[in-house]
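Novice: My questions all concern the structure below.
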Amino acid sequence: MEKIKVIQIGLGGFGKFWLGAVLNVEEVELVAVVDMEENNLAVAAQRLAGRNIPLYQDHKKALREVKADLALLITPPHTHRALTIDAVEAGMHVIMEKPVSSSYEDALEIFNFAQTCGKYVMVNQNYRRRPVIQALKACVDAGKVGTIENVEWRFSLDHKNIELTGWRRAFDDIMLKEMSIHHFDSIRYILGKNPISVYAESMNPTWSPINGESVTAAVFNFEGGVFMTYFGSWVNKGKSTSWNGDIILTGSQGAIELKDDVPQIVWSDGTRENIPIPVFEFNDSDYLEYSIGDMVNAIRERRLPATHIGDNLISWSMACSAADSTKSGMKIKIEPPKEI
């Protein structure tokens, strides 16, 4: 079967991991790499030594000169709208790193444009594929503790170096839009339900090294009467959670818990039962390869990838609506576009 040809745009920071992933996936062929910085291209040239892969500083020139099926955008979110439009106009599908954009309006424009061109645009929301998240979803889907009506989600870490990452300085709502988006996308996936409203507040402690709001608390209402309280902090000084956070999903017969990345059922009588953690072909460290593989299969099977832009727009609306609520002091109704 003919390989899917890939252009990677963005080689700094996380881009080097994506470059390795592309080279590891047999179903794809890297045909060009793009980065504005000469230093990043020099590093890529060393990695690609012996391969006849052109290097570009101008993405438009690369898209014009090299025929490809798929563009990887490993670039800051404020560049995603323009780069996606350019790639789609060049006839390519797109995988981009999260967050999808720097604003909800840009994300909606990306979605609408991709719809008109018939190309797939996928946002790499990798937390869904984590084995412990899969374990929680399996329990919810099986109705182990009855219908889930209440969710508690707590995330606390001390992310000392976040202020060193340049583009993140532009996000006033850094906690919500850079970190919480992972959790918001995960809870939609676990519940199989979408949000309908949110009220949130945020702040930044005096000791915080982060420029934007680093602590947030939010209350979400979901379809089917599900109520969720969410707390997130990137400047924690006490006991930290994992990157997944500590989660309690409560139903009529007990609760499904994730504490310190150990999933358990807590029955109504207080007894606990460990939840099996599934084993996948791709483990957590290989999720980039999994994401590329999902897009390859979507292209070949002519179906949307799991975290396509239309689905991710709903998760992004949770983060953006929560951010709006912190500024307005009002409860915000979440209404995904009718096109989705």
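The values are calculated or read from the model by the stated rules, or taken from the named source; none is laboratory data. What you are looking at is a predicted structure, and each value in this text was computed from that prediction instead of being measured. Cβ: placed from backbone, ideal geometry, glycine included. Neighbour counts: every protein chain shown. These accessible areas exclude ligands, DNA and RNA; they are computed on the full protein's heavy atoms, side chains included. Shrake-Rupley method; radii C 1.70, N 1.55, O 1.52, S 1.80 Å.
Novice: Have a look at the DSSP beta bridges in the chain and tell me what percent are antiparallel, nearest 5.
Specialist: Roughly 60 percent of the beta bridges in the chain run antiparallel, per DSSP.
Novice: First obtain the Kirkwood hydrodynamic radius of segment 1-124 from its Cα pairs, then insert it into the Stokes-Einstein equation at 10 °C and 1.306 mPa s, and state the resulting D in µm² per second as a whole number.
Specialist: Answer from the Stokes-Einstein relation: 110 µm²/s.
Novice: Listed here are the pairs K16/K193; K98/K160; K259/K333; which of them are more than 27 Å apart at the Cα?
Specialist: K16/K193; K259/K333
Novice: Right, something else. Can you tell me the FRET efficiency between T229 and R300 if r is taken as the Cβ-Cβ distance and R0 is 25 Å, rounded to the nearest 0.05?
Specialist: According to the calculation, E is roughly 0.05.
Novice: Within the accessible area of the chain, what % is carbon and sulfur when the probe is 1.4 Å and the other protein chains stay in place?
Specialist: Looking at the chain in its full context, I get 50 percent from C and S.
Novice: Further question: P(r) for segment 64-145: what percent of alpha-carbon pairs falls in each 5 Å bin, starting at zero?
Specialist: Binned Cα distances yield the sequence 3, 15, 22, 18, 12, 9, 10, 7, 3, 1, 0, 0.
Novice: For L30, enumerate residues with amide H under 5 Å from its amide H, sequence gap 5+ or separate chain, H modeled in the peptide plane.
Specialist: Residues meeting the amide H criterion: V6.
Novice: Around I275, which amide H atoms from residues at least 5 apart in sequence, or from another chain, sit under 5 Å from its own amide H, with H modelled in the peptide plane?
Specialist: Result for I275 returns Q264, I265.
Novice: Could you tell me the calculated FRET efficiency between K327 and E109, based on Cβ-Cβ distance and R0 = 22 angstrom, to the nearest 0.05?
Specialist: Using R0 = 22 Å, I get an efficiency of 0.50.
Novice: Continuing with the same structure: First obtain the Kirkwood hydrodynamic radius of segment 166-274 from its Cα pairs, then insert it into the Stokes-Einstein equation at 25 °C and 0.890 mPa s, and state the resulting D in µm² per second as a whole number.
Specialist: For the chosen part, D equals 159 µm²/s.
Novice: Using Stokes-Einstein with the Kirkwood hydrodynamic radius over Cα pairs, what translational diffusion coefficient do you get for segment 3-54 at 4 °C and a viscosity of 1.567 mPa s, in µm²/s rounded to a whole number?
Specialist: Value of D from the Cα-based Kirkwood radius: 117 µm²/s.
Novice: Summarise the long-distance tail of P(r) for the chain by giving the % of C-alpha pairs beyond 31 Å.
Specialist: Across the chain, Cα pairs with separations above 31 Å total 35 percent.
Novice: Would you give the gap between the C-alpha center of segment 35-87 and the C-alpha center of segment 119-163, rounded to a whole Å?
Specialist: 31 Å
Novice: When you count, for each residue, the other Cβ atoms within 10 Å and take the mean per peptide, how do 12-21, 114-123 rank with the highest first?
Specialist: Descending mean neighbour count gives 114-123, 12-21.
Novice: Distance from the Cα centre of segment 189-225 to that of segment 243-264, in angstrom?
Specialist: Their Cα centres are 18 Å away from one another.
Novice: With a 10 Å radius around each residue's Cβ, average the other Cβ atoms per peptide and rank 188-194, 313-319, 266-272, 204-210, highest first.
Specialist: Packing proxy ranking, top to bottom: 313-319, 188-194, 204-210, 266-272.
Novice: Still on this structure: Just to confirm a number: summing +1 for Lys and Arg and -1 for Asp and Glu over residues other than G238 whose beta-carbon lies under 12 angstrom from that of G238, what do you get?
Specialist: Charge balance in the 12 Å sphere: +2.
Novice: To check my understanding: the extent here is largest minus smallest coordinate of the Cα atoms along each principal axis. What are those three numbers for segment 103-218, in Å, largest first?
Specialist: 44, 41, 28
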